[in-house]
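Peer 1: Please read through the structure below; I'll follow up with questions.
Every read-out reported here was derived from the displayed coordinates using simple, explicitly stated rules and does not represent laboratory data. Keep in mind that this is a model prediction, so the values were computed, not measured. As a convention, Cβ positions derive from the backbone with ideal geometry for all residues, glycine included, and neighbour counts pool all protein chains shown.
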Amino acid sequence: MQKLTPPSAVRWLLGCVLALAMSGALQAAEGVKTPPFERVQLSNGTVLMLLEQRDVPLISFEARVLGGARLDPENRYGTANLLAGLFEKGAGERDALAFAQTVASVGGSIQTNASTESISITGSFLSRDRKLMVELLADMLQRPTLAESELQALRARRIEFIRAAKDSDLSALTSIYGAAALFADHPYGNPVFGSEASLAGIDARDIRSFYESHVGGDRLIIAVAGDFKAAEMKKLLSSAFGKWRKAGSALPPIVAPKKITSRRVLLVDAPDSVQSYFWMGNVGVARSDPRRAALDIVNTVFGGRFTSMLNTELRIRTGLSYGARSGFDRLAQPGHWEMSSFTRSEATIEAIDLAFATLDKLHEGALDPAALDSSKQYVLGQFPLGLETASQWASQLATLEQYGLGPRYIDEYADALSRVALDDTNKVINDVFPSSSEVLLVVIGKATTLKDALAKFGPITEMRLADEEWGKP
């Protein structure tokens, strides 16, 4: 007869396996340190971050202009994002086609983007084309064409993207509605991509005014990583950007948004939808919050991986959804914490009830020693993966500079994770993660079948998916 292994032995063996895995993950994560880099500040305020990596003949860069969508004028939301797109549509002596052909001819890449707090340009070039790289970047920022015809075409495409999302990708919209309603008149609620109505009102004068006021050398960070000599790159960038004008206005400070203290509901009527998409959130933490390690561990347990509490309940155990997640948007001031999912219309209330119950369970002590160790291992294993390539390091250096964090933000993270105890996680759960009675609930779905049942969750504000605004006043 086969002898059965006692449960205590199984637990001991599993504990040993977990301890070995944890040790390996910790060693790998502790090996991630910020490579030596040079920080240079030019006389006009531009900051250069230069990191030499000679393993491949490639140079990656990320240029960030501080400000971003939080500076969009009222009723002109999407201006910063349109400007970012226009940076690729002709600069210096090159029109849009010539610019794109020049980049492609040397196998380079350039992308632009806007976020709540910055406009960014990222790219990669062979090291032999470093002079062309700097020339193109300088043209984009200092001599953009900002052609009326390109603005009209780009604006029309952005409006169509929003309409297409309303037709086929409603899950991408819940956080936009959520931020607009949660932050109300705070700039963090500005929709980065704009809305159908706000985009339609933006003209060339708005773009030019934003550019003159909010783009300049005193707002600029350029992080470069890859195969170059720091002295030469510093000379190239200093020559190209050192005499660039400052932005026409000072970067305005931003105050911390206030958390909501009671539950309320935003119902967005999508009359043809057979599913409901829901989002729950409140104000979270700033990028610089010193409890980062504990927060990452808790969020991983709750909704940050496939085996999280939220995904286990809504997908694995009940089959109510194909996925559920949670996360933070960490900015200079506290952004939002959110959790989101979707389900078939008839299961909407059941799924929301279960999501709320799972959040309550987190506050009731669901994070035990086993979950803590498992989450540590997961986060420690993921951490090095974001710090491998030159482009990743360029992005990290730009982030460190933008938020005033310094290399310790990277170098000491693994150790901070390893030291997180249950007391630390309990404190951040109580201090940062909202209770189920203190969230904004956004539901996109068929209002005629949902409104009455949703009333139990709190006072309801209604909108229509067909409305051309996101609800921000």
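Peer 1: Determine, at each q value in 0.10, 0.12, 0.14 (inverse angstroms), the log₁₀ of I(q)/I(0) that the Debye formula gives when each Cα of the range 38-241 is one equal point scatterer.
Peer 2: Log-scaled intensity ratios, in q order: -0.46, -0.65, -0.85.
Peer 1: For the range 238-265 and the range 271-332, what is the separation of their C-alpha centers, rounded to whole Å?
Peer 2: Result: 27 Å between the Cα centres.
Peer 1: Mind checking which of S435, G217, I159 is farthest towards the positive end of the chain's charge dipole, using Cβ charges of +1 (Lys, Arg) and -1 (Asp, Glu) about the Cα centre?
Peer 2: G217
Peer 1: Same structure again: Any idea what the dipole of the range 332-383 comes to, in debye rounded to 20, about its Cα centre with Lys/Arg Cβ at +1 and Asp/Glu Cβ at -1? Can you show the working numbers first?
Peer 2: Working: 3 positive and 8 negative charges, 46 e Å.
The dipole of the range 332-383 has a size of about 220 debye.
Peer 1: Follow-up. Using a cut-off of 18 Å between alpha-carbon atoms, which aspartates and glutamates can reach K33, once sequence neighbours fewer than 8 places away in the same chain are excluded?
Peer 2: E52, D55, E388, E401, D411, E412, D415
Peer 1: Okay, moving on. Taking the DSSP beta bridges in the chain as the whole, what percent of them are antiparallel, to the nearest 5? Kindly include the intermediate steps, with their values, before the conclusion.
Peer 2: Values: 49 of 66 bridges.
Of the beta bridges lying entirely in the chain, close to 75 percent run antiparallel.
Peer 1: Here's a follow-up. May I ask for the Rg/Rh ratio of the range 66-187, computed from Cα atoms with Rh as the Kirkwood radius, given to two decimals?
Peer 2: Numbers: Rg = 16.4 Å, Rh = 16.0 Å.
Answer for the range 66-187: 1.03.
Peer 1: Just name one of W337, S395, P384: the one whose Cα is farthest towards the positive end of the charge dipole of the range 326-396 (beta-carbon charges, Lys/Arg +1, Asp/Glu -1).
Peer 2: Positive-most Cα among the choices belongs to S395.
Peer 1: Please state the charge dipole magnitude for the chain, taken about the Cα centre, from unit charges on C-beta atoms (+1 on K and R, -1 on D and E), reported in debye and rounded to the nearest 20. Please list the in-between numbers first.
Peer 2: Working: 51 positive and 55 negative charges, 124 e Å.
That gives a dipole near 600 debye.
Peer 1: Another question, if that's okay. Let me test this: with uniform point scatterers at the alpha carbons of the chain, what is the Debye-based log₁₀ I(q)/I(0) at q = 0.07, 0.13 1/Å?
Peer 2: After summing over all Cα pairs, the log10 values are -0.42, -1.30.
Peer 1: Going by how many other Cβ atoms sit within 10 Å of their own, how do Y177, Y322, Y409 line up, fewest first? Numbers along the way, then the final one.
Peer 2: On the way: Y177 23, Y322 11, Y409 18.
By the 10 Å Cβ count, ascending: Y322, Y409, Y177.
Peer 1: What percent antiparallel are the DSSP beta bridges of the range 264-464, to the nearest 5? Write out the running numbers ahead of the final one.
Peer 2: Working: 20 of 31 bridges.
Restricted to the range 264-464, the bridges split so that about 65 percent are antiparallel.
Peer 1: Stokes-Einstein at 4 °C, 1.567 mPa s, Kirkwood radius from Cα pairs: D for the range 247-329 in µm² s⁻¹?
Peer 2: Details: Rh = 16.1 Å.
The estimated diffusion coefficient comes to 81 µm²/s.
Peer 1: Going by C-beta contacts inside 10 Å, put T261, T34 in order with the fewest on the left.
Peer 2: Details: T261 9, T34 17.
Placing the least packed residue first, the sequence is T261, T34.
Peer 1: Of the options V274, L454, S375, report the single residue whose Cα projects farthest towards the positive end of the charge dipole of the range 264-464 (beta-carbon charges: Lys, Arg +1; Asp, Glu -1).
Peer 2: Selected residue: V274.
Peer 1: Let me ask you something else. Rounded, prolate or oblate: which fits the range 264-464, taking a ≥ b ≥ c as square roots of the Cα gyration tensor eigenvalues, rounded meaning a/c under 1.5, else prolate when a/b beats b/c?
Peer 2: prolate
Peer 1: Where does each of Y277, Y413 land when they are ranked from fewest to most other beta-carbon atoms within 10 angstrom?
Peer 2: Values: Y277 24, Y413 20.
In order of increasing Cβ crowding within 10 Å: Y413, Y277.
Peer 1: Ignoring everything except DSSP H segments at least 4 long, calculate the 222 nm mean residue ellipticity for the chain; use -39,500 (n - 2.57) per segment, divide by total residues, nearest 500. Walk me through the numbers on the way to the answer.
Peer 2: Numbers: 17 runs with 198 residues, N = 473.
Rounded to the nearest 500, the figure is -13000 deg cm²/dmol.
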